Amino acid sequence: MPTENKPSELHTEVKRYRFKGAAGNYVYAGDFDRATAERDALQLRLNASDQRIDERERDKARIDALESNCWDVRFDSSPNGDAGDSSINIEVVGHWMDQPFERVIGENYSENLRAAIDQAMAAPAYPPARPEYPEPELDADADWHMNPCKQRRRDEGASGGVAACNQCEEKIESAITQEAFERWNATHQAGESTESR
């Protein structure tokens with residue numbers, strides 16, 4: 001038990017005590033835990049607020065870049081295979097006095113406008129007609145041969161996350177084409193087709 005009760009004048013909500021013969025101020029554990037929880041909650045709110053401010057500043061920089069460079073933002077829709085859905089392609093187009101007059105300086109095929117503008121902001125001062133990407137490395141050992149459908153037809157194909165037979169409409173859908181292809185071959189046996197007999 002404290003021998004002398006002297007609340008600190010700095011914080012009236014958390015009482016501080018001094019003990020005779022002991023150095024420093026002391027608080028009850030409950031008061032300390034409450035003050036610590038309040039401090040932590042305020043810090044979380046401050047961090048969230050700072051993050052929102054940073055995001056708004058980045059968005060303002062993007063809008064300023066669009067405006068100051070007179071860039072166009074173009075949207076195009078393309079079908080996703082036989083899924084009956086479409087995806088939105090976004091292009092940021094700059095204008096030059098020399099051929100080609102219009103150049104795609106930023107693009108995104110997953111409906112992310114911010115990513116397309118960020119790519120345009122990082123583009124060189126005199127870019128090519130379209131952004132250049134490294135050539136994908138082709139796996140020489142990759143076998144993209146699809147097994148025949150369950151009716152043994154040989155008109156199969158895979159694209160847009162769908163592996164399907166183009167004659168009997170049998171299909172397997174997945175998030176990516178390679179996964180749909182692999183699932184198709186795992187559930188369909190290799191062998192002769194009815195058309196080759």
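The values are calculated or read from the model by the stated rules, or taken from the named source; none is laboratory data. Remember, it's a predicted structure, so these values are computed and weren't measured experimentally. Counting neighbours? That spans all protein chains shown, and the Cβs are built from the backbone with ideal geometry, glycine included.
For segment 62-83, a residue qualifies if it is assigned to a strand (DSSP E or B) and of a type outside the set (Val, Ile, Thr), and the qualifying residues are 72, 74, 75, 76, 77, 78, 79. Taking first residues from segment 57-81 that are in contact (Cβ under 8 Å) with a residue 40 or more places away in the chain and partners that are in a loop (DSSP other than H, G, I, E, B), the Cβ contacts under 8 Å between residues at least 6 apart in sequence or on separate chains come to 65/71; 79/85; 79/160; 80/160; 80/161; 81/160; 81/161. Go through segment 84-197 and tell me which strands (runs of 3 or more DSSP E), entirely inside it, have 2 or more residues that are modelled with pLDDT under 80 and over 23 Å from the mean Cα position of the chain (by Cα). Output list reads 156-159.
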